[in-house]
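The values are calculated or read from the model by the stated rules, or taken from the named source; none is laboratory data. The shown structure was predicted, so the numbers you read here are calculated from the model rather than taken from an experiment. Note that we place each Cβ from the backbone using ideal geometry, even for glycine, and neighbour counts take in every protein chain shown. With ligands, DNA and RNA removed, areas are computed over all heavy atoms of the protein, side chains included. Shrake-Rupley method; radii C 1.70, N 1.55, O 1.52, S 1.80 Å.
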Amino acid sequence: MRFTGAVPSSPISIRAYCRKDGRKNYVCTGYEVAGKAEYTKAEKRERFHSIILIAAAFFMPLPATPMFLWYKEFGQGNNPYMTMMVMSLIIVVFGGCRKLFINGKNRLSKIHYFIFNIMYYLVIVTCFVHILMKIEAMM
(Lines give C-alpha, C1' and ligand atoms only; values in the text may rest on other atoms or scores of the structure.)
Protein backbone atom coordinates (compact mmCIF):
# COMPACT_ATOMS: atom_id res chain seq x y z
CA MET A 1 0.00 0.00 0.00
CA ARG A 2 1.39 3.37 -1.01
CA PHE A 3 0.03 6.79 -0.05
CA THR A 4 0.24 9.53 -2.66
CA GLY A 5 -1.83 12.05 -0.71
CA ALA A 6 -2.04 12.65 3.03
CA VAL A 7 -0.49 10.03 5.29
CA PRO A 8 -1.67 9.25 8.85
CA SER A 9 0.89 10.46 11.39
CA SER A 10 0.16 7.74 13.95
CA PRO A 11 -1.30 4.24 13.89
CA ILE A 12 -5.08 4.77 13.73
CA SER A 13 -8.03 3.05 12.13
CA ILE A 14 -8.76 4.68 8.78
CA ARG A 15 -11.03 4.30 5.80
CA ALA A 16 -8.67 4.59 2.83
CA TYR A 17 -9.55 5.59 -0.72
CA CYS A 18 -7.32 3.50 -2.97
CA ARG A 19 -7.02 2.18 -6.48
CA LYS A 20 -5.28 -0.96 -7.59
CA ASP A 21 -1.98 -0.33 -9.37
CA GLY A 22 -0.56 -3.59 -10.64
CA ARG A 23 -1.02 -7.02 -9.13
CA LYS A 24 -0.35 -6.38 -5.44
CA ASN A 25 0.03 -2.62 -5.12
CA TYR A 26 -2.63 -0.18 -4.01
CA VAL A 27 -2.21 3.58 -4.34
CA CYS A 28 -4.16 5.49 -1.70
CA THR A 29 -5.12 9.04 -2.60
CA GLY A 30 -6.85 9.93 0.64
CA TYR A 31 -8.28 8.66 3.91
CA GLU A 32 -10.66 9.53 6.71
CA VAL A 33 -10.46 8.50 10.33
CA ALA A 34 -12.79 5.64 11.19
CA GLY A 35 -15.14 5.97 14.15
CA LYS A 36 -13.63 5.63 17.59
CA ALA A 37 -14.04 2.25 19.21
CA GLU A 38 -16.13 2.03 22.37
CA TYR A 39 -14.23 1.61 25.62
CA THR A 40 -14.49 -1.72 27.37
CA LYS A 41 -15.95 -1.97 30.87
CA ALA A 42 -12.46 -2.39 32.37
CA GLU A 43 -11.16 0.68 30.51
CA LYS A 44 -14.11 2.75 31.75
CA ARG A 45 -13.48 1.58 35.31
CA GLU A 46 -9.79 2.51 35.09
CA ARG A 47 -10.66 5.93 33.67
CA PHE A 48 -12.98 6.47 36.64
CA HIS A 49 -10.19 5.51 39.05
CA SER A 50 -7.83 7.88 37.25
CA ILE A 51 -10.34 10.69 37.79
CA ILE A 52 -10.51 9.79 41.50
CA LEU A 53 -6.70 9.90 41.73
CA ILE A 54 -6.46 13.24 39.97
CA ALA A 55 -9.19 14.73 42.17
CA ALA A 56 -7.52 13.41 45.34
CA ALA A 57 -4.14 14.78 44.25
CA PHE A 58 -5.72 18.14 43.43
CA PHE A 59 -7.65 18.39 46.71
CA MET A 60 -4.78 17.18 48.91
CA PRO A 61 -3.18 20.62 49.50
CA LEU A 62 -6.51 22.46 49.91
CA PRO A 63 -7.01 21.64 53.64
CA ALA A 64 -3.48 22.84 54.47
CA THR A 65 -4.43 26.47 55.19
CA PRO A 66 -7.42 25.69 57.44
CA MET A 67 -5.30 23.03 59.13
CA PHE A 68 -2.62 25.58 60.05
CA LEU A 69 -5.25 28.11 61.15
CA TRP A 70 -6.79 25.43 63.39
CA TYR A 71 -3.37 24.66 64.85
CA LYS A 72 -2.69 28.37 65.43
CA GLU A 73 -6.00 28.86 67.26
CA PHE A 74 -6.41 25.59 69.19
CA GLY A 75 -2.90 24.13 69.28
CA GLN A 76 -2.38 20.41 69.18
CA GLY A 77 -5.42 18.24 69.24
CA ASN A 78 -7.95 16.59 67.02
CA ASN A 79 -7.52 18.62 63.83
CA PRO A 80 -10.40 17.74 61.44
CA TYR A 81 -8.55 19.09 58.41
CA MET A 82 -5.63 16.75 58.97
CA THR A 83 -7.80 13.68 58.34
CA MET A 84 -9.01 15.14 55.03
CA MET A 85 -5.45 15.76 53.91
CA VAL A 86 -4.22 12.35 55.04
CA MET A 87 -7.16 10.57 53.36
CA SER A 88 -6.35 12.30 50.06
CA LEU A 89 -2.69 11.37 50.44
CA ILE A 90 -3.52 7.72 51.15
CA ILE A 91 -5.86 7.57 48.14
CA VAL A 92 -3.10 8.94 45.91
CA VAL A 93 -0.47 6.55 47.30
CA PHE A 94 -2.52 3.35 47.20
CA GLY A 95 -4.26 4.28 43.94
CA GLY A 96 -0.93 5.06 42.30
CA CYS A 97 0.61 1.81 43.52
CA ARG A 98 -2.49 -0.02 42.29
CA LYS A 99 -1.97 1.47 38.82
CA LEU A 100 1.71 0.52 38.87
CA PHE A 101 0.97 -3.17 39.40
CA ILE A 102 -2.22 -3.48 37.33
CA ASN A 103 -0.55 -5.17 34.35
CA GLY A 104 1.96 -7.25 36.29
CA LYS A 105 2.52 -10.76 35.00
CA ASN A 106 4.46 -12.49 37.77
CA ARG A 107 3.02 -13.73 41.05
CA LEU A 108 4.57 -11.04 43.25
CA SER A 109 3.12 -8.25 41.10
CA LYS A 110 -0.32 -9.83 41.31
CA ILE A 111 -0.03 -10.09 45.10
CA HIS A 112 0.99 -6.43 45.31
CA TYR A 113 -1.90 -5.44 43.03
CA PHE A 114 -4.34 -7.39 45.21
CA ILE A 115 -3.08 -5.77 48.43
CA PHE A 116 -3.06 -2.24 46.99
CA ASN A 117 -6.48 -2.80 45.45
CA ILE A 118 -7.97 -3.81 48.82
CA MET A 119 -6.34 -0.89 50.62
CA TYR A 120 -7.42 1.57 47.92
CA TYR A 121 -11.07 0.51 48.08
CA LEU A 122 -10.97 0.42 51.88
CA VAL A 123 -9.70 4.01 52.00
CA ILE A 124 -12.29 5.13 49.42
CA VAL A 125 -15.12 3.62 51.50
CA THR A 126 -13.68 5.08 54.74
CA CYS A 127 -13.41 8.52 53.13
CA PHE A 128 -16.99 8.29 51.85
CA VAL A 129 -18.29 7.29 55.30
CA HIS A 130 -16.27 10.10 56.88
CA ILE A 131 -17.81 12.64 54.49
CA LEU A 132 -21.33 11.30 55.21
CA MET A 133 -20.69 11.63 58.95
CA LYS A 134 -19.56 15.25 58.46
CA ILE A 135 -22.70 16.02 56.46
CA GLU A 136 -24.87 14.39 59.13
CA ALA A 137 -23.15 16.41 61.87
CA MET A 138 -23.86 19.68 60.02
CA MET A 139 -27.59 18.93 59.75
Extreme residue, most open to solvent (accessible area, probe 1.4 Å), among residues of the range 107-126 that are touching a residue at least 24 places away in the same chain (Cβ under 8 Å) and either within 16 Å of Met84 (Cα to Cα) or of a type in the set (D, E, K, R) (or both): Thr126
Verdict on Lys20 being of a type outside the set (A, V, I, L, M), exposed (fewer than 10 other Cβ atoms within 10 Å of the Cβ) and in contact with a strand residue (DSSP E or B) (Cβ under 7 Å, 6 or more places away or on another chain): yes
Boolean, Ala137 is within 19 Å of the chain's Cα centre (by Cα) and in a helix (DSSP H, G or I): no
Of the criteria (1) over 30 Å from Pro11 (Cβ atoms); (2) touching a residue at least 12 places away in the same chain (Cβ under 8 Å), which one Val27 fails: (1)
Options Tyr81, Tyr31, Tyr120; residue that is in a helix (DSSP H, G or I) and at pLDDT below 80: Tyr81
Residue in the range 72-90 that is in contact with a Leu (Cβ under 8 Å, 6 or more places away or on another chain), surrounded by fewer than 17 Cβ atoms within 10 Å (Cβ to Cβ) and over 30 Å from Arg15 (Cα atoms) present: no
Odd one out for Glu43 among (1) under 21 Å from Thr126 (Cα atoms); (2) open to solvent by 60 Å² or more (accessible area, probe 1.4 Å); (3) acidic (Asp, Glu): (1)
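Residues are listed down the side, and each one gets a yes or a no for (1) closer than 18 Å to Phe128 by Cβ; (2) not in a helix (DSSP H, G or I):
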site	(1), (2)
Ile54	yes, no
Tyr71	no, no
Gln76	no, yes
Met87	yes, no
Asn103	no, yes
Ser109	no, no
Phe114	no, no
